[in-house]
Structures are given as structure tokens and as C-alpha cells.
Amino acid sequence: MADKRVFVLGAGASISHSKNISPNIESFFIKNDLTKTKKYQIICAHIKDTFDIDIQSSKRMPKINIEKIFTQLELDIENSQNPDLLAVKSNFLQFIQETLTNLESTVPLTNNSDYSLFYEKLEKTDTVMTFNWDIMLDDEMGRKPILEHYLLQRSNPKQELHKDKQYYNFILYLSGIRGMTWNAFGQGKPLLKWRGDQGYYLKMHGSVDWKYCDNDICKSSTNVFPVLEVNGEHHICSECYEEMKPLLLPPVLNKQYRRYSLIRKIWNAAAREMEIADEIVIWGYSLPPTDFYSEWLLRQANKSKIKSVSLIDPKVLKGLSREKSNRTINTTFVRKFSDIFQLDFWSPKLKYYENFEDYLNNITIEDKWGIQDTRSKR
Ligand SMILES: [Zn+2]
């Protein structure tokens with residue numbers, strides 16, 4: 001079998017692909033016109049109450065982290081009986097959805113975008129794990145033709161182009177749509193061994209286009225359905241006719257991973273894939289210190305099997321001044337990863353790239369900035 005390559009993507013990948021249109025966790029509210037609309041009064045009022053920050057104010061806004069708001073809100077919901085908080089959450093999720101889909105619609109579709117080149121280079125056995133909620137990569141991977149084929153029974157010749165690839169395998173083996181396909185038959189036999197002979201697209205924190213049924217006693221409550229209509233559309237569960245909810249998770253509330261069947265399945269699949277990885281590529285993911293579960297996931301890698309770990313991130317470099325000689329490896333950033341994979345940060349197995357284009361052209365930061373010497377002295 002070909003080498004198993006596992007790609008781990010964070011916000012930096014979507015930011016790079018969209019040429020900085022995609023927001024990072026701290027810029028979600030900045031210059032976001034949605035905060036001015038009546039529709040999102042509830043979440044704006046909640047942020048004002050809880051954090052004393054007026055996101056509707058046109059004045060310079062203090063930095064506010066969207067993941068922090070999300071996490072605090074989930075904790076409030078868990079620890080209080082106040083039904084208003086559920087309305088806040090629903091308003092908030094819709095706000096995230098609309099913000100991301102609006103921004104995505106302004107990203108020009110080009111053949112040489114990062115995600116387009118990335119998808120083109122993927123082998124069938126490569127697995128992609130992403131911590132992003134947006135659907136820019138999903139769209140690149142055939143989201144629309146595949147969903148049209150299965151949800152609308154409308155055949156789209158483009159669907160064939162994506163057959164047996166990452167998004168297609170996610171739909172056919174992991175999502176609720178699986179139940180509508182022939183694939184659901186003849187499965188269910190316990191596996192003796194994780195084969196890893198196919199590649200998956202695994203969205204670790206949910207997605208702006210995912211809906212699920214929150215009714216515990218509904219037969220369909222363990223399923224998650226990606227939907228074609230992303231913006232504010234309501235979907236009704238076909239089993240119990242209850243309104244379906246969006247599935248987005250805040251990154252740090254680890255126990256929530258076990259609450260949703262699909263998310264749990266995705267994390268299990270990710271851990272299995274990580275165990276058999278020969279090559280790991282981490283792109284634009286900076287492993288925040290609170291993200292214990294993601295660190296756990298990376299630690300599932302089999303250190304004696306790993307042939308290489310590549311980091312693609314401008315943060316691998318320190319000293320961004322014009323002076324070329326000032327540039328060195330950012331050891332604080334790099335060590336977070338080298339420790340996990342039990343590699344010295346100067347090990348030849350670790351490769352550092354400033355951006356995705358350099359990765360494609362195999363230009364490491366040592367080649368690019370001539371910092372080999374600095375590195376060997378350490
Ligand atoms: Zn239902």
C-alpha cells in the first residue's frame with residue numbers, strides 16, 4: 001500500500017487559501033456588517049451582557065475571541081436552566097454560518113488557489129483532518145455535485161470526478177446520507193484491523209453545512225446530514241419532523257465530542273488514521289494550549305513508523321524583518337510539535353515551510369532563507 005499521508009488543517013489554511021478573506025478567531029466581529037442587522041440582536045446583546053463588549057459599535061473594538069464566546073456560552077447552557085440561552089446559541093450559530101458563507105462567496109474561484117492545488121495533489125489514500133468550520137475545501141472536493149446526486153437524486157457528471165476520494169468517502173461511510181446508499185448494506189461486521197486503504201475528509205469541529213436531529217428518541221438522532229442550502233434555511237428531520245439543528249462545536253469542550261455520534265465517529269476514524277500515518281503534514285494549525293483533545297489526537301501517531309512531519313505556517317519563522325540574516329526558526333512554535341512526535345526540532349524528519357506554495361515546491365525555510373547554519377549550531 002502507498003504511504004499513508006495525514007494532513008491536519010487549521011484556520012491558517014483557510015486564511016491562506018482565501019488570501020486573508022477568511023477570519024481568524026479574533027477577527028470574526030471586525031468589519032462584520034451582520035452585527036448591524038436586527039437579526040443578530042440577541043447574540044450582540046449577550047456579548048454586551050457577558051463580556052461588556054459592544055460588537056455593534058463602530059469604534060475600534062477590543063479583540064474578542066469567538067471560540068471563547070462559544071465555550072462560555074456552552075458552559076452557561078450546561079450549568080443553567082435558562083431557556084433564553086438556547087435562543088442565544090441558535091442565533092450565534094446562525095451568525096457564524098452566515099458570516100462564513102458570506103465571506104466565502106467573495107473568495108474568487110481559481111484553479112491555482114491553495115485548496116484547488118491541494119486537492120489536485122491528494123492521493124486516494126490521503127486523509128485530511130480539518131479544524132475549520134468553513135466549506136471552502138468541501139466545495140473544492142465536490143460537495144455540491146455529490147450532495148445533489150444523493151440528496152436530490154439529480155445526476156451530475158461532475159460527481160464522477162470525485163468518486164472514491166476524500167469527501168465522497170466521508171459522505172458514503174460516515175454521514176447520515178450513508179443510510180440512503182447501497183453502502184449501508186453488508187456492513188456492520190466487526191473489523192479485526194483498521195485497513196486505512198481509503199482516504200477521508202474529517203471535520204473535527206463540525207461544519208457550517210451540517211444538520212442533525214436533536215430529538216434523543218428519534219431513530220435519526222445519531223446521523224448528521226450535510227445540506228446544500230447553507231444560509232439560514234430550516235430543515236426538518238425526515239423521521240420525526242422536528243426542526244434540525246446545525247452542528248458546530250467549540251474547540252475546547254472536549255466532552256462534547258462524545259455527545260454527537262458522528263463527531264465521535266470522526267474522532268475515532270482520525271485516531272485510527274493517525275496511528276497508521278507514515279507522513280504527517282500540519283498546515284496552519286497552531287495547537288492552542290487549551291486544545292488537549294487535538295494534542296491527544298496528534299499523539300496517536302506511531303513514532304517509530306513516522307517518516308516525516310511537515311509544518312506549513314509562517315509562524316515557523318522568527319524575525320520577519322527585511323534583514324534576511326535575522327530570520328531563524330521559531331523554536332517556541334516548533335517545539336510544541338516536535339515534542340509530541342518525540343523528534344528533536346533539528347531532526348531531518350521535521351520539515352518547515354513558510355507557506356503552502358513553498359511546500360508544493362519543496363522549498364523549506366532553510367533553503368529559502370539560508371538559515372541552515374543557525375539551526376545546526378543549536
Ligand atoms: Zn428526528
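The values are calculated or read from the model by the stated rules, or taken from the named source; none is laboratory data. Bear in mind that the values here come from a model prediction, so they are computed numbers and not experimental data. Neighbour counts run over all protein chains shown; Cβ positions are idealised from the backbone, glycine included.
Worth pointing out:
- Within the option set 31, 48, 63, 38, being surrounded by fewer than 16 Cβ atoms within 10 Å (Cβ to Cβ), closer than 22 Å to residue 287 by Cβ, out of contact with any Gly (no Cβ under 8 Å at 6 or more places or on another chain) and not aromatic (Phe, Trp, Tyr) holds for one residue only, 63.
- Complete set of residues in the stretch 232-261 that are at positive phi and either in contact (Cβ under 8 Å) with a residue 24 or more places away in the chain or more than 15 Å from the ligand (Cβ to nearest atom) (or both): 232
- Entirely in the stretch 1-81, the helices (runs of 4 or more DSSP H) that have 2 or more residues that are over 22 Å from residue 203 (Cα atoms): 41-51, 66-78
- Where a residue in the stretch 9-23 is on the phi > 0 side of the Ramachandran plot and its partner, wherever it lies, is at pLDDT below 95 and basic (Lys, Arg), with Cβ under 9 Å and at least six apart: none
- Filtered by the rule that a residue be modelled with pLDDT under 90 and not in a helix (DSSP H, G or I), the stretch 294-328 gives 318, 319, 320, 321, 322, 323, 327, 328.
- Tallying residues that are buried (at least 19 other Cβ atoms within 10 Å of the Cβ), part of a loop (DSSP other than H, G, I, E, B), without any contact (Cβ under 8 Å) to a residue 40 or more places away in the chain and of a type outside the set (Gly, Ala, Ser) within the stretch 140-163 yields 1.
- Leading residue by the ranking (nearest to residue 133 (Cα to Cα)) among those in the stretch 205-224 that are touching a Ser or Thr at 6+ places or on another chain (Cβ under 9 Å) and within 11 Å of the ligand (Cβ to nearest atom): 212
- Selection count, the stretch 224-250, where residues are under 15 Å from the mean Cα position of the chain (by Cα) and either closer than 12 Å to residue 93 by Cβ or surrounded by fewer than 19 Cβ atoms within 10 Å (Cβ to Cβ) (or both): 4
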